[in-house]
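A.B. asks: For reference, the structure I am asking about is given below.
The values are calculated or read from the model by the stated rules, or taken from the named source; none is laboratory data. Just so we're clear, the structure is a prediction, and the values are computed from it rather than from any experiment. Positions of Cβ are generated from backbone atoms using ideal geometry, with glycine treated the same way; all protein chains shown enter the neighbour counts.
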Amino acid sequence: MDTTALREQWLHAIEKAADAAALAELDTRLFGAKGEVVELVRSVTTLPKEERPAFGKAANVLKQEVEQALAARREAFAAAALAQELAASDFDPTEPGPRVRRGALHPITIVQNELVDLFTSMGFQWQDGPEVESEYFNFDALNIPGDHPARESQDTFWLREQSGLGRNLLRTHTSPVQVRTMQRLTKHGFQPPLKVIVPGRCFRSETVDKSHEHTFYQMEGLVVDRVQRDGHGGDRGVSIANLIHTMKTCLRVILERDVQVRLRPGFFPFVEPGFELDVNCPFCSGKGCSVCKQSGWIEILPCGMVHPNVLRQGGIDPEEHTGFAFGMGLQRVVMLRYGIDDIRQFMGGDQRFLQQFPEVPR
(Lines give C-alpha, C1' and ligand atoms only; values in the text may rest on other atoms or scores of the structure.)
Protein backbone atom coordinates (compact mmCIF):
# COMPACT_ATOMS: atom_id res chain seq x y z
CA MET A 1 0.00 0.00 0.00
CA ASP A 2 1.37 3.41 -1.00
CA THR A 3 1.25 6.05 1.81
CA THR A 4 2.46 8.94 -0.35
CA ALA A 5 -1.00 9.98 -1.48
CA LEU A 6 -2.35 9.78 2.05
CA ARG A 7 0.53 11.92 3.32
CA GLU A 8 -0.18 14.69 0.80
CA GLN A 9 -3.90 14.53 1.51
CA TRP A 10 -3.61 14.75 5.29
CA LEU A 11 -0.89 17.41 5.40
CA HIS A 12 -2.81 19.52 2.87
CA ALA A 13 -5.96 19.25 5.00
CA ILE A 14 -4.02 20.36 8.09
CA GLU A 15 -2.54 23.33 6.27
CA LYS A 16 -5.95 24.41 4.95
CA ALA A 17 -7.76 24.20 8.30
CA ALA A 18 -9.52 27.54 8.71
CA ASP A 19 -9.40 27.84 12.49
CA ALA A 20 -8.77 25.96 15.72
CA ALA A 21 -12.25 24.41 15.68
CA ALA A 22 -11.75 23.03 12.16
CA LEU A 23 -8.35 21.70 13.19
CA ALA A 24 -9.92 19.93 16.19
CA GLU A 25 -12.46 18.24 13.90
CA LEU A 26 -9.66 17.12 11.60
CA ASP A 27 -7.72 15.76 14.58
CA THR A 28 -10.73 13.65 15.54
CA ARG A 29 -11.12 12.45 11.94
CA LEU A 30 -7.51 11.32 11.80
CA PHE A 31 -6.82 10.11 15.36
CA GLY A 32 -10.26 9.29 16.78
CA ALA A 33 -11.29 5.76 17.76
CA LYS A 34 -11.80 4.89 14.09
CA GLY A 35 -9.65 7.65 12.61
CA GLU A 36 -7.98 7.34 9.26
CA VAL A 37 -4.44 7.33 10.66
CA VAL A 38 -5.39 4.81 13.33
CA GLU A 39 -6.99 2.52 10.74
CA LEU A 40 -3.91 2.80 8.54
CA VAL A 41 -1.64 1.58 11.36
CA ARG A 42 -4.04 -1.23 12.22
CA SER A 43 -4.12 -2.41 8.60
CA VAL A 44 -0.55 -3.68 8.94
CA THR A 45 -1.89 -6.94 10.40
CA THR A 46 -3.90 -7.64 7.22
CA LEU A 47 -0.85 -7.66 4.94
CA PRO A 48 1.31 -10.66 4.06
CA LYS A 49 4.10 -11.20 6.59
CA GLU A 50 6.85 -10.21 4.17
CA GLU A 51 5.21 -6.79 3.54
CA ARG A 52 4.46 -5.92 7.17
CA PRO A 53 7.90 -4.58 8.29
CA ALA A 54 8.30 -2.06 5.50
CA PHE A 55 4.70 -0.90 5.55
CA GLY A 56 4.61 -0.74 9.35
CA LYS A 57 7.69 1.48 9.39
CA ALA A 58 6.25 3.77 6.74
CA ALA A 59 2.89 4.01 8.53
CA ASN A 60 4.54 4.97 11.84
CA VAL A 61 6.72 7.61 10.15
CA LEU A 62 3.61 9.08 8.52
CA LYS A 63 1.71 9.01 11.83
CA GLN A 64 4.49 10.98 13.59
CA GLU A 65 4.69 13.48 10.73
CA VAL A 66 0.93 14.11 10.85
CA GLU A 67 1.04 14.51 14.65
CA GLN A 68 3.85 17.08 14.39
CA ALA A 69 1.97 18.97 11.67
CA LEU A 70 -1.16 19.09 13.83
CA ALA A 71 0.84 20.34 16.86
CA ALA A 72 2.56 23.05 14.81
CA ARG A 73 -0.74 24.22 13.34
CA ARG A 74 -2.34 24.22 16.81
CA GLU A 75 0.46 26.40 18.20
CA ALA A 76 0.09 28.78 15.25
CA PHE A 77 -3.62 29.24 15.97
CA ALA A 78 -2.89 29.83 19.69
CA ALA A 79 -0.22 32.43 18.88
CA ALA A 80 -2.55 34.20 16.47
CA ALA A 81 -5.34 34.26 19.06
CA LEU A 82 -3.00 35.70 21.69
CA ALA A 83 -1.74 38.36 19.27
CA GLN A 84 -5.31 39.32 18.44
CA GLU A 85 -6.20 39.56 22.13
CA LEU A 86 -3.19 41.73 22.87
CA ALA A 87 -3.89 43.99 19.91
CA ALA A 88 -7.43 44.56 21.17
CA SER A 89 -6.24 45.69 24.65
CA ASP A 90 -3.83 48.21 26.14
CA PHE A 91 -1.62 45.45 27.57
CA ASP A 92 2.09 46.21 27.20
CA PRO A 93 4.21 43.04 27.39
CA THR A 94 7.32 45.15 28.03
CA GLU A 95 5.92 46.41 31.34
CA PRO A 96 7.26 44.61 34.46
CA GLY A 97 4.87 42.14 36.02
CA PRO A 98 3.09 42.69 39.32
CA ARG A 99 5.35 42.46 42.37
CA VAL A 100 4.92 39.24 44.29
CA ARG A 101 4.71 40.20 47.94
CA ARG A 102 6.90 38.09 50.17
CA GLY A 103 5.68 36.83 53.51
CA ALA A 104 6.49 38.58 56.78
CA LEU A 105 7.83 37.01 59.95
CA HIS A 106 5.65 37.23 63.02
CA PRO A 107 7.07 39.82 65.44
CA ILE A 108 7.44 37.16 68.14
CA THR A 109 9.53 35.08 65.73
CA ILE A 110 11.68 38.11 64.89
CA VAL A 111 12.45 38.86 68.55
CA GLN A 112 12.89 35.18 69.45
CA ASN A 113 15.45 34.72 66.67
CA GLU A 114 17.37 37.81 67.82
CA LEU A 115 17.36 36.57 71.41
CA VAL A 116 18.60 33.14 70.36
CA ASP A 117 21.42 34.78 68.39
CA LEU A 118 22.27 37.01 71.36
CA PHE A 119 22.37 34.24 73.95
CA THR A 120 24.20 31.74 71.75
CA SER A 121 26.86 34.42 71.22
CA MET A 122 27.15 34.50 75.03
CA GLY A 123 27.77 30.73 75.17
CA PHE A 124 24.20 29.49 75.77
CA GLN A 125 22.82 26.38 74.07
CA TRP A 126 19.28 26.11 72.70
CA GLN A 127 17.16 23.37 74.33
CA ASP A 128 13.57 22.28 73.72
CA GLY A 129 10.91 20.24 75.48
CA PRO A 130 7.33 18.96 75.08
CA GLU A 131 4.33 21.28 75.26
CA VAL A 132 2.24 18.46 76.79
CA GLU A 133 4.06 18.07 80.07
CA SER A 134 3.78 15.87 83.15
CA GLU A 135 2.84 17.12 86.60
CA TYR A 136 6.25 16.08 87.87
CA PHE A 137 8.32 18.20 85.51
CA ASN A 138 5.90 21.15 85.44
CA PHE A 139 5.43 21.38 89.23
CA ASP A 140 7.04 18.75 91.49
CA ALA A 141 10.60 18.94 90.13
CA LEU A 142 10.44 22.74 90.29
CA ASN A 143 9.72 22.78 94.02
CA ILE A 144 6.10 23.87 93.50
CA PRO A 145 4.04 22.34 96.37
CA GLY A 146 0.88 20.31 95.86
CA ASP A 147 -1.36 23.04 97.29
CA HIS A 148 0.09 25.83 95.12
CA PRO A 149 -2.64 27.91 93.38
CA ALA A 150 -1.00 27.31 89.98
CA ARG A 151 -2.21 23.70 90.16
CA GLU A 152 -5.85 24.76 90.19
CA SER A 153 -7.92 24.35 87.01
CA GLN A 154 -8.42 28.13 86.97
CA ASP A 155 -4.70 28.51 86.16
CA THR A 156 -3.74 25.29 84.37
CA PHE A 157 -5.16 23.34 81.41
CA TRP A 158 -5.22 19.79 82.75
CA LEU A 159 -5.58 16.80 80.41
CA ARG A 160 -7.37 13.53 81.06
CA GLU A 161 -4.33 11.37 80.38
CA GLN A 162 -1.93 10.38 83.14
CA SER A 163 1.55 8.90 83.14
CA GLY A 164 3.93 7.49 85.69
CA LEU A 165 4.94 11.09 86.45
CA GLY A 166 1.43 12.24 87.41
CA ARG A 167 -1.31 13.96 85.46
CA ASN A 168 -0.59 15.49 82.09
CA LEU A 169 -1.18 19.14 81.30
CA LEU A 170 -0.35 21.88 78.83
CA ARG A 171 2.88 23.31 80.24
CA THR A 172 2.39 26.59 82.08
CA HIS A 173 5.99 27.73 81.58
CA THR A 174 9.21 26.64 79.88
CA SER A 175 10.87 25.93 83.24
CA PRO A 176 10.34 22.12 83.04
CA VAL A 177 13.06 22.02 80.39
CA GLN A 178 15.54 23.16 83.07
CA VAL A 179 15.16 19.92 85.00
CA ARG A 180 14.86 17.81 81.84
CA THR A 181 18.15 19.22 80.55
CA MET A 182 19.99 18.77 83.86
CA GLN A 183 18.74 15.21 84.26
CA ARG A 184 19.64 14.26 80.70
CA LEU A 185 23.18 15.61 81.03
CA THR A 186 23.95 14.32 84.52
CA LYS A 187 22.59 10.90 83.54
CA HIS A 188 25.53 10.65 81.15
CA GLY A 189 28.06 11.88 83.70
CA PHE A 190 28.10 15.53 82.62
CA GLN A 191 28.53 18.19 85.28
CA PRO A 192 28.31 22.01 85.03
CA PRO A 193 29.18 24.60 83.78
CA LEU A 194 25.81 24.71 82.05
CA LYS A 195 24.19 27.56 80.08
CA VAL A 196 20.93 26.93 78.21
CA ILE A 197 18.02 28.90 76.77
CA VAL A 198 14.57 27.48 76.08
CA PRO A 199 12.21 29.44 73.81
CA GLY A 200 8.73 27.97 73.53
CA ARG A 201 4.96 28.18 73.73
CA CYS A 202 3.10 27.96 77.03
CA PHE A 203 -0.54 27.85 78.14
CA ARG A 204 -2.49 29.16 81.12
CA SER A 205 -6.17 29.43 81.87
CA GLU A 206 -6.11 33.23 81.76
CA THR A 207 -8.91 35.70 81.15
CA VAL A 208 -7.93 37.34 77.88
CA ASP A 209 -7.52 41.11 77.97
CA LYS A 210 -5.11 43.75 76.67
CA SER A 211 -2.21 42.37 78.71
CA HIS A 212 -3.05 38.65 79.18
CA GLU A 213 -3.43 35.68 76.81
CA HIS A 214 -4.16 31.99 77.38
CA THR A 215 -1.42 31.06 74.86
CA PHE A 216 1.87 32.87 75.13
CA TYR A 217 5.59 32.54 74.47
CA GLN A 218 8.48 32.47 76.92
CA MET A 219 12.22 32.21 76.79
CA GLU A 220 13.72 30.39 79.72
CA GLY A 221 17.36 30.76 80.70
CA LEU A 222 19.51 28.69 83.05
CA VAL A 223 23.12 29.11 84.15
CA VAL A 224 24.80 26.69 86.59
CA ASP A 225 28.47 26.46 87.52
CA ARG A 226 30.69 24.95 90.18
CA VAL A 227 31.61 27.03 93.23
CA GLN A 228 35.27 28.02 93.15
CA ARG A 229 36.78 27.65 96.64
CA ASP A 230 40.03 29.35 97.61
CA GLY A 231 40.29 27.77 101.09
CA HIS A 232 39.99 31.11 102.88
CA GLY A 233 36.23 31.63 102.76
CA GLY A 234 36.35 33.60 99.52
CA ASP A 235 34.24 31.12 97.59
CA ARG A 236 32.98 32.28 94.19
CA GLY A 237 30.15 30.93 92.08
CA VAL A 238 27.31 32.15 89.88
CA SER A 239 25.83 35.14 91.68
CA ILE A 240 23.05 37.72 91.53
CA ALA A 241 25.56 40.12 89.98
CA ASN A 242 25.96 37.71 87.04
CA LEU A 243 22.18 37.55 86.72
CA ILE A 244 21.75 41.34 86.65
CA HIS A 245 24.54 41.80 84.10
CA THR A 246 23.04 39.15 81.80
CA MET A 247 19.55 40.64 82.01
CA LYS A 248 20.75 44.20 81.35
CA THR A 249 22.74 43.04 78.34
CA CYS A 250 19.73 41.19 77.00
CA LEU A 251 17.27 44.09 77.38
CA ARG A 252 19.68 46.67 75.97
CA VAL A 253 20.20 44.62 72.82
CA ILE A 254 16.66 43.41 72.21
CA LEU A 255 14.82 46.67 73.00
CA GLU A 256 17.35 48.64 70.96
CA ARG A 257 17.40 51.43 73.50
CA ASP A 258 18.20 52.14 77.12
CA VAL A 259 15.24 51.54 79.42
CA GLN A 260 14.68 52.23 83.07
CA VAL A 261 14.44 49.00 85.05
CA ARG A 262 13.81 48.01 88.62
CA LEU A 263 14.51 44.79 90.49
CA ARG A 264 12.14 43.96 93.30
CA PRO A 265 11.74 40.86 95.49
CA GLY A 266 9.44 38.19 94.12
CA PHE A 267 8.49 34.70 95.26
CA PHE A 268 8.84 31.75 92.89
CA PRO A 269 9.20 28.26 94.37
CA PHE A 270 11.98 27.29 91.96
CA VAL A 271 14.33 30.19 92.81
CA GLU A 272 15.70 31.57 96.08
CA PRO A 273 16.03 34.49 96.30
CA GLY A 274 13.59 35.47 93.57
CA PHE A 275 13.11 38.79 91.81
CA GLU A 276 10.75 40.60 89.46
CA LEU A 277 12.47 42.72 86.81
CA ASP A 278 10.20 45.49 85.57
CA VAL A 279 10.70 48.13 82.87
CA ASN A 280 9.28 51.63 82.82
CA CYS A 281 6.09 51.65 80.72
CA PRO A 282 6.88 53.15 77.28
CA PHE A 283 3.22 53.87 76.53
CA CYS A 284 2.71 56.36 79.33
CA SER A 285 6.34 57.11 80.31
CA GLY A 286 5.63 55.85 83.80
CA LYS A 287 2.55 58.02 84.41
CA GLY A 288 0.13 55.06 84.50
CA CYS A 289 -2.14 53.62 81.81
CA SER A 290 -4.32 50.57 81.09
CA VAL A 291 -1.36 48.57 79.75
CA CYS A 292 0.67 48.90 82.95
CA LYS A 293 -2.48 48.86 85.12
CA GLN A 294 -1.77 52.44 86.23
CA SER A 295 1.49 51.39 87.92
CA GLY A 296 3.91 52.97 85.45
CA TRP A 297 5.82 49.66 85.22
CA ILE A 298 5.48 46.52 83.10
CA GLU A 299 6.50 43.18 84.57
CA ILE A 300 8.73 41.53 82.03
CA LEU A 301 11.21 39.16 83.60
CA PRO A 302 10.89 37.02 86.75
CA CYS A 303 14.27 35.64 87.75
CA GLY A 304 16.40 34.48 90.66
CA MET A 305 18.98 32.03 91.96
CA VAL A 306 18.11 28.38 91.28
CA HIS A 307 16.59 26.73 94.35
CA PRO A 308 18.74 23.92 95.83
CA ASN A 309 15.82 21.50 95.52
CA VAL A 310 15.63 22.12 91.77
CA LEU A 311 19.36 21.44 91.40
CA ARG A 312 18.92 18.19 93.33
CA GLN A 313 16.05 17.13 91.04
CA GLY A 314 18.41 17.73 88.13
CA GLY A 315 21.11 15.52 89.66
CA ILE A 316 23.40 18.42 90.62
CA ASP A 317 24.84 18.93 94.12
CA PRO A 318 23.68 22.35 95.44
CA GLU A 319 26.53 22.36 97.95
CA GLU A 320 29.03 22.45 95.10
CA HIS A 321 27.11 24.46 92.48
CA THR A 322 25.10 27.67 92.17
CA GLY A 323 23.08 29.06 89.31
CA PHE A 324 20.47 31.55 88.19
CA ALA A 325 17.36 31.24 86.04
CA PHE A 326 14.99 33.64 84.30
CA GLY A 327 11.77 33.39 82.34
CA MET A 328 11.13 36.11 79.80
CA GLY A 329 7.66 36.78 78.40
CA LEU A 330 8.34 37.26 74.69
CA GLN A 331 5.03 39.05 74.05
CA ARG A 332 5.91 41.66 76.66
CA VAL A 333 9.31 42.22 75.07
CA VAL A 334 7.77 42.54 71.60
CA MET A 335 5.18 45.02 72.90
CA LEU A 336 7.95 47.17 74.33
CA ARG A 337 10.08 46.84 71.19
CA TYR A 338 7.39 47.84 68.69
CA GLY A 339 5.03 49.93 70.83
CA ILE A 340 2.15 47.42 70.69
CA ASP A 341 -0.45 48.21 73.35
CA ASP A 342 -2.75 45.14 73.03
CA ILE A 343 -1.40 41.59 73.45
CA ARG A 344 -4.44 40.17 71.62
CA GLN A 345 -3.00 41.47 68.33
CA PHE A 346 -0.48 38.62 68.26
CA MET A 347 -3.17 35.95 67.78
CA GLY A 348 -5.83 38.13 66.18
CA GLY A 349 -5.33 36.95 62.58
CA ASP A 350 -5.41 40.47 61.11
CA GLN A 351 -3.02 40.47 58.14
CA ARG A 352 -2.59 44.23 58.40
CA PHE A 353 -0.89 43.72 61.75
CA LEU A 354 1.74 41.36 60.29
CA GLN A 355 2.32 43.54 57.23
CA GLN A 356 3.89 46.18 59.47
CA PHE A 357 6.91 43.98 60.13
CA PRO A 358 9.92 43.16 57.94
CA GLU A 359 9.42 40.81 55.02
CA VAL A 360 11.26 37.53 54.82
CA PRO A 361 14.50 38.20 52.86
CA ARG A 362 15.03 36.35 49.60
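Rundown of residues vs (1) part of a helix (DSSP H, G or I); (2) out of contact with any strand residue (DSSP E or B) (no Cβ under 7 Å at 6 or more places or on another chain); (3) not charged (D, E, K, R), yes/no style:
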{"residue": "Arg29", "(1), (2), (3)": "yes, yes, no"}
{"residue": "Lys34", "(1), (2), (3)": "no, yes, no"}
{"residue": "Ala54", "(1), (2), (3)": "yes, yes, yes"}
{"residue": "Ala80", "(1), (2), (3)": "yes, yes, yes"}
{"residue": "Glu85", "(1), (2), (3)": "yes, yes, no"}
{"residue": "Glu95", "(1), (2), (3)": "no, yes, no"}
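A.B. asks: Yes or no: His214 out of contact with any helix residue (DSSP H, G or I) (no Cβ under 7 Å at 6 or more places or on another chain), crowded, with 20+ Cβ neighbours inside 10 Å, assigned by TED's automatic domain parsing to the domain that holds Phe324 and modelled with pLDDT of 90 or more?
C.D. replies: Against the criterion (out of contact with any helix residue (DSSP H, G or I) (no Cβ under 7 Å at 6 or more places or on another chain), crowded, with 20+ Cβ neighbours inside 10 Å, assigned by TED's automatic domain parsing to the domain that holds Phe324 and modelled with pLDDT of 90 or more), His214 does not qualify.
A.B. asks: At least 1 residues that are of a type in the set (S, T, N, Q), touching a Cys at 6+ places or on another chain (Cβ under 7 Å) and in contact (Cβ under 8 Å) with a residue 12 or more places away in the chain in each: list the helices (runs of 4 or more DSSP H) lying fully within the stretch 267-362 that qualify.
C.D. replies: none
A.B. asks: Here's another thing I want to ask about it. Restricting attention to the stretch 291-341, and to residues there that are of a type in the set (Gly, Ala, Ser) and farther than 22 Å from Arg180 by Cα, which single residue is surrounded by the most Cβ atoms within 10 Å (Cβ to Cβ)?
C.D. replies: Out of the qualifying residues, it is Gly296.
A.B. asks: Filter the stretch 106-151 for residues that are among the aromatic types (Phe, Trp, Tyr) and surrounded by fewer than 14 Cβ atoms within 10 Å (Cβ to Cβ) and give the result.
C.D. replies: Trp126
A.B. asks: Taking into account only those residues within the stretch 253-266 that are surrounded by 14 or more Cβ atoms within 10 Å (Cβ to Cβ) and either touching a Cys at 6+ places or on another chain (Cβ under 8 Å) or not β-branched (Val, Ile, Thr) (or both), which is farthest from Thr109 (Cα to Cα)?
C.D. replies: It comes out as Gly266.
A.B. asks: Considering only the stretch 121-170, how many residues are under 24 Å from Met305 (Cβ atoms), among the polar types (S, T, N, Q) and part of a loop (DSSP other than H, G, I, E, B)?
C.D. replies: Going through the stretch 121-170 one residue at a time, the tally reaches 2.
A.B. asks: Can you pull out every residue in the stretch 171-190 that is among the β-branched types (Val, Ile, Thr), within 14 Å of Trp126 (Cα to Cα) and assigned to a loop (DSSP other than H, G, I, E, B)?
C.D. replies: Within the stretch 171-190, just Thr174 meets the criteria.
A.B. asks: I've got another one for you. Any residue in the stretch 35-59 that is in contact (Cβ under 8 Å) with a residue 24 or more places away in the chain sitting within a Cβ distance under 7 Å of a residue that is surrounded by 13 or more Cβ atoms within 10 Å (Cβ to Cβ) and β-branched (Val, Ile, Thr)? List the pairs, counting only those 6 or more apart or interchain.
C.D. replies: Once the first residue is in contact (Cβ under 8 Å) with a residue 24 or more places away in the chain and sits in the stretch 35-59, its partners that are surrounded by 13 or more Cβ atoms within 10 Å (Cβ to Cβ) and β-branched (Val, Ile, Thr) give Val37/Val66; Phe55/Val44; Ala58/Thr3; Ala59/Thr3; Ala59/Val41; Ala59/Val44.
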